[in-house]
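Just so you know, all these numbers are worked out from the coordinates, no wet-lab data involved. All values reported here derive from a predicted model rather than from experimental measurement. Positions of Cβ are generated from backbone atoms using ideal geometry, with glycine treated the same way; all protein chains shown enter the neighbour counts.
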Amino acid sequence: MPVTKKLIDEALSLPVEERVHLANSLLESLNMPNPAIDKKWAEVAKRRLGELRSGKVKPIPGNEVFDRVHERFPK
């Protein structure tokens, strides 16, 4: 049995909490956290939340967003 298949089988046998931890660790290894970039994203998120709360911008329902995307980029 190839090593990767064996690892996958072992991972799938773990409790869900351990699988979540394993998946998160693997994803982080592919996209290492960058504190400077994370800080910038946090600033953007706070600004956008403030805009929503103040009424400066109006939210768009998710299904409407996806409808627009599908109209713009048909298969």
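At a Förster radius of 35 Å, what calculated FRET efficiency corresponds to the Cβ-Cβ distance of Asn31 and Arg53, to the nearest 0.05?
0.70
Could you work out how far apart the two model spin labels at Glu64 and Lys6 are, taking each label as a point 7 Å from the Cα in the direction of the beta carbon, and quote it in nm?
5.5
Can you tell me which of 47-60, 25-38 comes out highest on packing, and rank the rest after it, using the mean Cβ neighbours within 10 Å?
The peptides rank, most packed first, as 47-60, 25-38.
So how much slack lies between Lys46 and Asn24, counting 0.36 nm per residue of separation and subtracting their Cα-Cα distance, in nm?
Fully extending the segment from Lys46 to Asn24 adds 5.5 nm.
Let me have the 222 nm mean residue ellipticity of the chain computed from DSSP H runs of 4+ only, each contributing -39500 (n - 2.57), with the sum over all residues rounded to the nearest 500.
The helix-only estimate for the chain comes to -24000 deg cm²/dmol at 222 nm.
Given the chain reduced to its alpha-carbon atoms as identical point scatterers, what log10 I(q)/I(0) does the Debye formula return at q = 0.11 Å⁻¹?
At q = 0.11 Å⁻¹ the computed log10 ratios are -0.64.
Nearest 20 debye, what's the magnitude of the dipole of the range 6-75 about its Cα centre given +1 on Lys and Arg Cβ and -1 on Asp and Glu Cβ?
Details: 13 positive and 11 negative charges, 129 e Å.
Computed about the Cα centre, the dipole is about 620 debye.
Cα atoms only: what Rg and Dmax, in Å, come out for the range 34-75?
Answer for the range 34-75, Rg first and Dmax second: 14.5, 38 Å.
Kyte-Doolittle mean at least 0.0 and Cα extent at least 18 Å along the axis: which DSSP H helices of the chain qualify? Numbers along the way, then the final one.
Numbers: long enough: 16-30 (21 Å, 0.14); 35-54 (28 Å, -0.89).
Flagged H segments are 16-30.
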